[in-house]
Amino acid sequence: MWLGACTSTIGTWMQKAAQSWLVYSLSNSKFLLSLDSFLGEIPILLLSLFGGVASDRFDRRKLLMASQFGQMTTALILAVLFATGKVQIWHILLLSFFTGCVQAFGGPAYQALLPMMVPKEAIQNAIAMNSIQFNIARLIGPALGGLALTQLGAAWCFGLNGLSFLAVIFALSMMSPKFGGGNAQESVLASMRKGVDFVRHREGMGALIVIAFAMTALGLPMMVFLPVVAKEVFQQTATGFTIMLSVSGAGSIVGGLLVAYFSQLRHKGRAALANLALLGLLIALFGLSTNIWLSYAAIFFASTALIASFALIASLVQNQTTDDMRGRVMSVYNVAFRGGGPIGALLCGELAELSSTAHVLAGCGILLALLALWFLFVHRRVAAL
């Protein structure tokens, strides 16, 4: 399963690298670059609660397989459009939205499936290892994507990504996790309400959801604006953009390894918030930097702090929930975690058009650092976990 997921994620990052560069190159618009990110993520905000109910009622493995088939289809359609020269910006935007829709059901299913495959005390390690495979792929994928884009053409990036989903579909077909299913007689809205009520009344869970939203809304614009920084600040080509992505991927792998190494760390809430404050300061530094080597260092360590924060917050949420509620709770977490990204990207894209990318990134970083410090020293429910 790990190898299949890694192969699929490499393909996805090949496509992401090519797609973000091509959207900006075709449109020369920061807003459309942000809109593409927004449309790929906003279905998570709209549909993830339905995905959580589905993952608590039906076979999580089959839901995840259906999600993989959907993502494979969109990648292959884009490959055909680019190969025939008929691609338009609206094609890319529409297919990004459809991909987000299928991920809204696949995400909760995957996150609820993970604890069924490992003991509870190994959840943080499993999340960290998942982050490592994701970021190994993020390190390799952009490099392969940049090579495919410059040497073979955009269609190869999308076509190879589509084929990569076959590996994870095959791995899932070999699995047989035991899951009895939830109460199918209960209405969907009643099931959703129970999940939201669980989050509201569980100690520290509400604050974790707020933090999950903030760290993507304020943290991910750094990644969204990488093509802008590479092209406008440092006058880089697609190859330079790929190097910047790979530096970020390397930092993320280090972050995942650190979380796995310190899996028995006490006071995980404090560690997550300290990482988040550091992340904010590094994002501000990256936004204001005009020295490419300083920017490489800033994005490397920012990615390390980002993934460490993601893994620690996710493991705290997993440890605070129960198996029968896991799909719904993780769907609420997904709404916050994945929903923050498109909202932050769209707002930051509009602000960047009015001001500058440097000012927007610096503002996001400072706000994130202040929020983390507030939860660390004032509202201490997460810090106590």
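The values are calculated or read from the model by the stated rules, or taken from the named source; none is laboratory data. Since the model is a prediction, treat every value here as computed from it, not as a measurement. Cβ coordinates were reconstructed from backbone atoms using ideal geometry, including for glycine residues, and neighbour counts include every protein chain displayed. All accessible areas refer to the heavy atoms of the entire protein, side chains included, with ligands and DNA or RNA removed. Shrake-Rupley method; radii C 1.70, N 1.55, O 1.52, S 1.80 Å.
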In the range 339-362, how many are surrounded by fewer than 24 Cβ atoms within 10 Å (Cβ to Cβ) and not β-branched (Val, Ile, Thr)?
13
Quick one: Val335 ticks every box in (1) within 23 Å of Ala109 (Cα to Cα); (2) assigned to a helix (DSSP H, G or I); (3) over 17 Å from the mean Cα position of the chain (by Cα) except a single one, so which number is it?
(3)
If you go through the range 268-284 one residue at a time, do you hit one that is within 20 Å of Gly341 (Cα to Cα), of a type in the set (S, T, N, Q), open to solvent by less than 10 Å² (accessible area, probe 1.4 Å) and modelled with pLDDT under 90?
no
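Table: residues versus (1) closer than 22 Å to Gln19 by Cβ; (2) modelled with pLDDT under 85.
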{"position": "Leu78", "(1), (2)": "yes, no"}
{"position": "Ser96", "(1), (2)": "yes, no"}
{"position": "Asn125", "(1), (2)": "no, yes"}
{"position": "Leu152", "(1), (2)": "yes, yes"}
Could you check the range 225-252 and list, in sequence order, the residues that are open to solvent by 20 Å² or more (accessible area, probe 1.4 Å) and part of a loop (DSSP other than H, G, I, E, B)?
Phe234, Gln235, Gln236, Thr237
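Criterion first (among the small types (Gly, Ala, Ser), open to solvent by less than 50 Å² (accessible area, probe 1.4 Å) and at pLDDT 85 or above) does Gly255 satisfy it? Reasoning before the result, please.
Numbers: among the small types (Gly, Ala, Ser): yes; open to solvent by less than 50 Å² (accessible area, probe 1.4 Å): yes; at pLDDT 85 or above: no.
Against the criterion (among the small types (Gly, Ala, Ser), open to solvent by less than 50 Å² (accessible area, probe 1.4 Å) and at pLDDT 85 or above), Gly255 does not qualify.
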Answer residue from the range 80-96, given it is closer than 15 Å to Trp156 by Cα and either surrounded by 14 or more Cβ atoms within 10 Å (Cβ to Cβ) or of a type in the set (Ser, Thr, Tyr) (or both) and is farthest from the chain's Cα centre (by Cα) among those:
Thr84
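Here is a check on your reading of the model: is Phe262 open to solvent by 50 Å² or more (accessible area, probe 1.4 Å), closer than 28 Å to Asn334 by Cβ and in contact (Cβ under 8 Å) with a residue 40 or more places away in the chain? Before you say what the answer is, go through the steps one by one.
Values: open to solvent by 50 Å² or more (accessible area, probe 1.4 Å): yes; closer than 28 Å to Asn334 by Cβ: yes; in contact (Cβ under 8 Å) with a residue 40 or more places away in the chain: no.
Taking the combined requirement at face value, the residue does not satisfy it.
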Pairs under 9 Å by beta carbon, first residue open to solvent by less than 20 Å² (accessible area, probe 1.4 Å) in the range 309-333, partner aliphatic (A, V, I, L, M) and not in a helix (DSSP H, G or I), six or more apart or different chains?
Leu312/Leu265; Ile313/Val382; Leu316/Val382; Leu316/Leu385
Pairs please, first residue from the range 276-293 and of a type in the set (Ser, Thr, Tyr), second anywhere and surrounded by 24 or more Cβ atoms within 10 Å (Cβ to Cβ), Cβ atoms under 9 Å, 6+ apart in sequence or on different chains.
Ser289/Ala298
